[in-house]
Amino acid sequence: MTEIPQIVDSHCHLDFPDFAEELPDVIARAQAAGVTRMVTICTRLRLEPQVRAIADAYAPVFYAAGTHPMSAAEEPLATVDALVALAQHPKFVGLGETGLDYHYTADSKDIQQESLRIHIEAARQTGLPLIIHARAADEDMARILSEEHAAGAYSCVMHCFSSGRALAEAALDLGFYLSMSGISAFPKSQELRDIFAAAPVERILVETDAPYLAPPPYRGKRNEPAYSAFTAKVGADVFGLDYETFATQTSANFDRLFCKAALQSTQAR
């Protein structure tokens, strides 16, 4: 029996109510599909304890926490010290998601930008990667990421990347990573696939953003970590690679960026 290639779902939301009744089965299905590790993301810091509890309960699950830009005006402003303190947990492996979203919440762009800069400083101090959400804010996003990187280096992944070519190039020029979600597998996403194809495959991650954005053949249904395999198969085609090679490459990319998760995984073996 041929072993299934191992991949990583670098961004999902396992604390969302969509999974409440069947989380053990969701994780088991992921592992059966070759998704051996998952990073579940906390989007409101007051919910961090319950996200942390999921990571503590399931060996394949790591977590990150931050204030989502669409929640920045509703939640208390994060502090660098609080984020750094959270990062001491062994399975806390990234800062965010944070970023800018002007699609629905442009009226809060000032507080979003302030929150983003706080998360960037925490990423600098901890050495953990920043997890960026960007929508309808390409120019401000490129400007802030570049300004802050010039002030002090940090690492970053552009999660669920679906922005324009200019932001992709700006992020890649800073040494950052782009993450492929189910959007990149949609039939009408050829322009986005072309943007990915122009990037170094060494800077590509795969994610679900579950429960959102399920790739075909599950589009329109609840997404789950197991389905990252479908996105990865599209990613393999984009880069002209066989699935096993692409899975191995993106897993190595994850280990390079999320080095704390890589270390924990090695110690657990």
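List of remarks:
- Residue that is surrounded by the fewest Cβ atoms within 10 Å (Cβ to Cβ) [pool: residues in the stretch 159-175 that are in contact with a His (Cβ under 9 Å, 6 or more places away or on another chain) and without any contact (Cβ under 8 Å) to a residue 40 or more places away in the chain]: G175
- Subset of the stretch 46-69 that is in contact with a Phe, Trp or Tyr (Cβ under 9 Å, 6 or more places away or on another chain) and among the hydrophobic types (A, V, I, L, M, F, W, C) - its residue that is nearest to L116 (Cα to Cα): A65
- Residue in the stretch 212-219 that is open to solvent by less than 50 Å² (accessible area, probe 1.4 Å), within 15 Å of F186 (Cβ to Cβ), in contact with a strand residue (DSSP E or B) (Cβ under 7 Å, 6 or more places away or on another chain) and at pLDDT 95 or above present: no
- Residue list for the stretch 1-59, restricted to those being part of a loop (DSSP other than H, G, I, E, B), among the polar types (S, T, N, Q) and open to solvent by 50 Å² or more (accessible area, probe 1.4 Å): T2, Q6
The values are calculated or read from the model by the stated rules, or taken from the named source; none is laboratory data. Remember, it's a predicted structure, so these values are computed and weren't measured experimentally. Positions of Cβ are generated from backbone atoms using ideal geometry, with glycine treated the same way; all protein chains shown enter the neighbour counts. Just so you know, the surface numbers come from the protein's heavy atoms only, side chains and all, with ligands and any DNA or RNA stripped out. Shrake-Rupley method; radii C 1.70, N 1.55, O 1.52, S 1.80 Å.
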